Amino acid sequence: MKSDFIDMQSSDSFFGTVPFPPDKIEDKFYQLEFSSLQDKSRIIKEIAGMIPWQVRVQEIADELKDPTLRVFARSVSAAVHSERISYRYSILAEKGHPNHYDDLEEGVFLLSSVIDPDLSYLEFRTYLDKIAIRVEELVDLNEDLASDEVKVHFLTRVLSQEEGFGGNHDQYEDPNNSYLHKVFSSKKGIPISLSVIYLLIAHRLQLPLYGVNMPLHFLLHFESSEFQTYIDSYHGGVMLDRSTCIRFLKANGFQAHERYFTHASSLTILKRMFRNLIHIYRKKEDRDMEKILSRHLLALDNKWKP
């Protein structure tokens, strides 16, 4: 296979278009500390737009030279972090609906960081890299036999059998099923979160795998010139043909409309993940989390006002 992993850091590098060096951010924290109440929200938004999404806000605060400013920056890091999530989602929303998944890793990492602001992107990325390398090694070891169908079998074998990823049938509405770093640990998730893991591995290996935003049950679609199949990540990566998917739709009261088989974009996937979580927290009467997630969903709907 010998593919170079695609850079998963979105279109922004750590320094690229971001207004670094850090002394500019330090100046902004000074402004924030001594600003009037009416200016604080604006300056927090400006700081949020300056810090790359891969960098923890706490790390920036810890690097400030002035010890008094460091203490202040730590005290507002949660507000900056939350604002940055909305800011980055608003950028993704402006890109629309391409299904190349270049931004999917950023999107799901930021979703996980909603509940864990100290989450390390390096560790998150490295975990996925290691799995992708194992799939790639299987392909390379069986290069003469590695048709697209065989590649799909290797992908599902590593993820479902070796890693043990599968559906959380006992606690389907556990919110942790939707946060990828929690799924990495528990190996249990719901169809869309498990499918995202498949997509992120496939993206690294340049395999033509796509999400399918089917009602009730998110699926995957592998589509190349030589092989096509649907994959159910929730049930151990089982492969399905289109007729089986159509029977599922009809059994649940849906017509077999073509829109149910359209390849889902990163934006579509993220919105569905957010709506799932908002529904779960609403049922649990966790108004705080419902409010936080609803705010970020506004950004994904391109309704966030920076």
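The values are calculated or read from the model by the stated rules, or taken from the named source; none is laboratory data. This is a predicted model, so every value here is computed, not measured. So basically every Cβ, Gly included, is an ideal-geometry build from the backbone, and we count neighbours across all protein chains shown. In case anyone asks, the SASA skips ligands and DNA or RNA and just uses the protein heavy atoms, side chains included. Shrake-Rupley method; radii C 1.70, N 1.55, O 1.52, S 1.80 Å.
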Query raised in the report: In debye, nearest 20: dipole of the chain around its Cα centre with unit charges on the Cβ of K, R (+) and D, E (-)?
Result: 1300
**Report entry** Out-of-range pairs (alpha-carbon distance over 19 Å; input K24/K45; K187/K250; K283/K303; K28/K65; K130/K182)
**Finding:** K187/K250; K283/K303
Requested in this report: Would you calculate a helix-derived [θ] at 222 nm for the chain, using -39,500 (n - 2.57) for each DSSP H run of n ≥ 4 and dividing by the full residue count, to the nearest 500?
Outcome: -17500 deg cm²/dmol
Requested in this report: Order W53, W304, most accessible first, counting only protein heavy atoms with a 1.4 angstrom probe.
Outcome: W304, W53
Requested in this report: Using DSSP to define loop residues, name the GluC sites (Glu not before Pro) in the range 160-239 whose beta-carbon has at most 11 other beta-carbon atoms within 10 Å.
Outcome: E226
Query raised in the report: Which loop-located GluC sites (Glu not before Pro) does the range 239-306 contain, where loop means any DSSP state but H, G, I, E or B and the Cβ has at most 10 other Cβ atoms within 10 Å?
Result: E285
Query raised in the report: Could you give the longest part of the chain that holds none of the trypsin sites (Lys or Arg not before Pro) found in DSSP loops with at most 15 neighbouring Cβ atoms within 10 Å?
Result: 66-186
Query raised in the report: Name the chymotrypsin sites (Phe, Trp or Tyr not before Pro) in the range 78-183 that are in a loop by DSSP and that have at most 15 other C-beta atoms within 10 Å, would you?
Result: Y172
Requested in this report: Taking each pair of different alpha-carbon atoms in the range 22-95 once, compute 1/r for the pair, average those values, and report the inverse of that mean as the Kirkwood hydrodynamic radius in Å to one decimal.
Outcome: 12.4
Requested in this report: With a 1.4 Å probe and every protein chain left in place, tell me how much accessible area H100 has, in Å² to the nearest 10.
Outcome: 80
Query raised in the report: Tell me, what is the percent relative contact order of the chain, built from C-alpha pairs under 8 Å that lie six or more residues apart?
Result: 19
Query - Compactness index (Cα Rg / 2.2 N^0.38 Å), the chain - result: 1.07
Report summary line: With the charge dipole of the chain built from beta-carbon charges (+1 for Lys and Arg, -1 for Asp and Glu) about the Cα centre, the Cα from L92, N302, Q31 projecting farthest to the positive end belongs to N302
